[in-house]
Amino acid sequence: MRLDDSEDQAAFRAGLKAWLAEQLPEATPSAPRAWSADELRAWSKALHAAGYAGLTWPSEHGGRGLSPSYQAIYAEESALAEAPDHAGVIGLGMVGPAIVHYGTDAQKAEHLPRILSGETIFCQGFSEPDAGSDLASVRTRARRVDGGYVVDGEKVWSSYAHLADHCLLLARTDPDAAKHRGLTCFLLDMRAPGVEVRPLRQLSGDTDFNQILLSGVEIPDDRVLGEPGQGWRVALTTLAHERGTFGITLTARLSVQLDRLVKTAKACGADTDPRVRAEIAELYVDLQGLRFTGYRALAAMERTGEPGPESSILKLRWSQANQRVSALALRLLGAGAAADGTDAFWGGYWQHQRLRSRANSIEGGTSEILRGIVAERVLGLPKSR
Amino acid sequence: MDFALTEDQTALKVAARTYLEDTYGFERIAAFADEGENDLAAWPELVRQGWLDPDLGLAELVLLAEEGGRALHPVPWFATAGLALPVYRAAGVEPAGPATLADGSGTCRATRRDDGWRLDGAVQAVLHADVATEIVVAARTPAGVALFGVGRAAASVSACAGIDPLRATSDVALAGAEGRLLAGPPSAAPLLAAIRSRATTLLAGEAIGVADRALAIAVDHAKTRSQFDRPIGSFQAVSQQLADGYAEVELARSLAYRAAAAPSAEAVACAAHAASRAAVSVCETAIQVCGGMGVTWEFPLHRWFRRALWLEAELASGPLEAIAHSLFGEHS
């Protein structure tokens, strides 16, 4: 049981920190900067050039073949430095590993190097208006035609779809088969005729997600990832990779938020209020609990290839803590919380966080679904319906 | 970084759990608790199994404390290994049997006589003083605080009622009691502070064990108890509470292990707060899930709930303000 980096890890961390400090402007005490689409693409190229893309990818596919702890160090340091996500985060973290696992040689040759270099950006087309938590009830229909499929349907909650070149699409190819069996995964070209992307505006005003409308989109056979009818398994593989070191990224971001909350409490003169102090101290304990649970899950992943069962609670408890941070921040602002934009403290940063964080317990697996996973798969309770 | 138990640590934990499960069933624990007694007959076996070995590090001790909390291990192991042992080790001697620590640094004084040291004063609520072979007493000397071993017979020990009968405490009065010097000034004061930190970490471990066992009892109940022709664990209103309990245990467990692996004031404070909160809240959830059964005297859960409340009293005062200090600086 050790908490310090090995010599190699320490050197990697130091090099990364120095590189991030050189590339990124000094973090501001208040609102972080926004990144344009072009800046995101440039950032992805810079990461690749510096060797920080595909850390855990096998070296035969252009990665560095490092263990998950290096990916965790990257996740932690880049979040602490407030670096943006690699625009290809979905390709790097989820679609790439699925292509390594299920792709044909031609698919690997076409996509893997371009995902790594940031040249190709992927989005994920899994969720639908009627298939969010219940992913197996996907209705987007891929009809068999000569040499391929014709797809009609609608996808929602696709991050980066407005930038994406390709989409890992889950569609129903066999309406008569059992719910999980009739699905197929496709590597859809987002520039194909019939694909339309519409930004989805959230209650915070943000447009992080998109709708993808598909009407009569032709997908040739060589774009099927894995066997037809095996889409469910491919989807599960990509989602398993999503869980990997994501908890560590979330925790590091929460740590940045908590620093801002402390600064806000001081700025409001609330730092001497014992109730505020106790509440923030409690949030700090929650943060540390998440942090060291992330490390435990990572240690399990290093040994077994799978994160430990304790990883299943990271996103659940992160969303609660993150929501509490912004809720407390607004309460600290008192009547000033009713202002927004340039009239508000830090240009409305906390107002925005308060609204945006409401989605935290819904996006990427609702808290109810996550508790259900813990109850059934970790505690072994009977299935609930 | 490799923040997981080593093979040796896992083996130690498994061995401790097996021994405790084999030795202490629900009925036996209830019998000890109802009599307010400890299983002193098991002490030699514990020593033989190595529970007081000098090569146990803090991480190993936390694992033993966790298993002890899980089983409500009815022996004065925590008082001996957690509180008294560091003093004996500093003195280069072994305790003769179960021991405990009475911090009388504010109320007791020691006077040098021709035949040795004599102690006077009183310390309240000393854990397991009634069964200790020797009580380690912190007392003032003209040169500063020192630590003395006092035979139980040389002290006046009167039992107090407590919320957890397996954690009996006594008031200890000393009137010219003979003490043998174990650690003198100036090393005794920092040794006492180190013992407080170590004891807090062990109790955090114990609290994880308490929470973990309460959760296990409730999960077991939810799998087997049927209502409306279904196991109650299939109702989301029940299963989601248990999932939240699991989250509470695991976050606290990470903090207890971290305090053991890399002790610092901040790490110990985080562990103390999270673990005592987990013990109390998971016991409450477990009782809720067990419903009417859960609130009866016969159902075992209240034994763990009492320990959780005892732990909360020991652990909950202070850590949040200590953390706030480090986040905000001095409270002005």
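The values are calculated or read from the model by the stated rules, or taken from the named source; none is laboratory data. Just so you know, these numbers come straight off a predicted model, no measurement behind them. Here Cβ is always computed from backbone atoms with ideal geometry, including for glycine, and neighbour counts include all displayed protein chains. Protein only, heavy atoms only, side chains kept; ligands, DNA and RNA dropped before computing areas. Shrake-Rupley method; radii C 1.70, N 1.55, O 1.52, S 1.80 Å.
Can you spot the aspartates and glutamates whose alpha carbon is less than 17 Å from A:K155's alpha carbon? Ignore those fewer than 8 places along the same chain.
Excluding near neighbours in sequence, the set is A:E128, A:D130, A:D134, A:D165, A:D189, A:E196, A:D208, A:E218, A:E363.
Could you check how much of the accessible area of segment B:60-199 is carbon and sulfur, as a whole percent, using a 1.4 Å probe?
Carbon and sulfur: 54 percent of the exposed surface of segment B:60-199.
Between B:D34, B:D120, B:D130, find the one with the highest GNM mean-square fluctuation for chain B; connect C-alpha pairs within less than 10 Å.
B:D34
Using a simple spin-label model with points 7 Å from Cα along the Cα→Cβ vector, what separation in nm is obtained for A:K383 and B:A265?
5.4 nm
Which longest run of chain B has no exposed loop site in it, a site being chymotrypsin sites (Phe, Trp or Tyr not before Pro) in a DSSP loop with at most 12 other beta carbons within 10 Å, and the site itself not part of the run?
B:1-227
Tell me which DSSP H helices of chain A clear both cut-offs, 20 Å or more of axial length from alpha-carbon atoms and a mean Kyte-Doolittle hydropathy of at least 0.0.
In chain A, the long hydrophobic H runs are A:246-267.
At what distance in nm do the modelled label points of A:V145 and A:I369 sit from each other, each positioned 7 Å from its Cα along Cα→Cβ?
3.1 nm
For chain B, take the longest principal axis of its alpha carbons; what is the angle in degrees between that and the long axis of helix B:58-71, to the nearest 10 within 0 to 90?
Once rounded, the angle reads 60 degrees.
Rounded, prolate or oblate, given the Cα gyration tensor of segment A:164-220, with a/c below 1.5 counting as rounded?
Because a/c hits 1.5 or more and a/b fails to exceed b/c, segment A:164-220 counts as oblate.
Would you list, by chain and number, the aspartates and glutamates whose Cα falls below 16 Å from the Cα of B:K223, excluding same-chain residues fewer than 8 positions away?
Within the straight-line cut-off, B:K223 pairs with A:E376.
Beyond 24 Å, how much of the Cα-Cα pair distribution for chain B remains, as a whole percent?
57 percent
Compute the distance in nm between two label points, each set 7 Å from the Cα along the Cα-to-Cβ direction, one at A:L24 and one at B:Q49.
Between A:L24 and B:Q49, the simple spin-label model gives 4.9 nm.
If you roll a 1.4 Å probe over the heavy atoms of the protein chains, what accessible area per residue do you get for segment B:160-319, in Å²?
On a per-residue basis, 36 Å².
Rounded to the nearest 10 degrees, what's the angle between the helix B:301-315 long axis and the longest principal axis of chain B, both from Cα atoms, 0 to 90?
So the helix axis and the longest Cα principal axis differ by about 50 degrees.
As an exercise, use a Förster radius of 22 Å and the Cβ-Cβ distance of B:D8 and B:R89 to find the FRET efficiency, rounded to the nearest 0.05.
Efficiency, rounded to the nearest 0.05: 0.55.
Could you list the GluC sites (Glu not before Pro) in segment B:263-320 that lie in coil according to DSSP, counting only those with at most 10 other Cβ atoms within 10 Å of their Cβ?
B:E298
May I ask you to list the residues of segment A:259-289 whose amide nitrogen lies under 13 Å from a point 7 Å from Cα along the Cα→beta-carbon direction of B:S326?
Hits in segment A:259-289 for B:S326 at 13 Å: A:281-282, A:284-289.
Determine the calculated [θ] at 222 nm for chain B from helices alone, applying -39500 (n - 2.57) to every DSSP H run no shorter than 4 residues and normalising by the residue count; nearest 500 deg cm²/dmol.
Taking each H run of at least 4 residues, the total per residue is -17500 deg cm²/dmol.
Round to the nearest 10 and give me the degree value, 0 to 90, for the angle of helix B:319-328's Cα axis relative to the longest principal axis of chain B.
Relative to chain B, helix B:319-328 is tipped by roughly 90 degrees.
Starting from 0.36 nm per residue, how many nanometres of slack lie between A:K108 and A:D8 once their C-alpha separation is accounted for?
Length difference between fully extended and current span is 33.0 nm.
Between B:P142, B:P95, B:P86, where does the largest GNM mean-square fluctuation fall for chain B, given springs only between Cα atoms within less than 10 Å?
B:P142
Collect residues whose amide H, placed 1.01 Å from N in the peptide plane, falls under 5 Å from the amide H of B:L182; neighbours closer than 5 in sequence don't count.
When sequence neighbours closer than 5 places are left aside, the close amide H contacts are B:L147, B:F148, B:G149.
Express in nm, to one decimal, how much length is gained between A:R303 and A:A335 on full extension, taking 0.36 nm for each residue of separation and deducting their alpha carbon distance.
6.4 nm
How about A:K17: which lysines have a C-alpha closer than 24 Å to its C-alpha, ignoring those fewer than 8 places off in the same chain?
Hits, sequence-local ones excluded: A:K45, A:K263.
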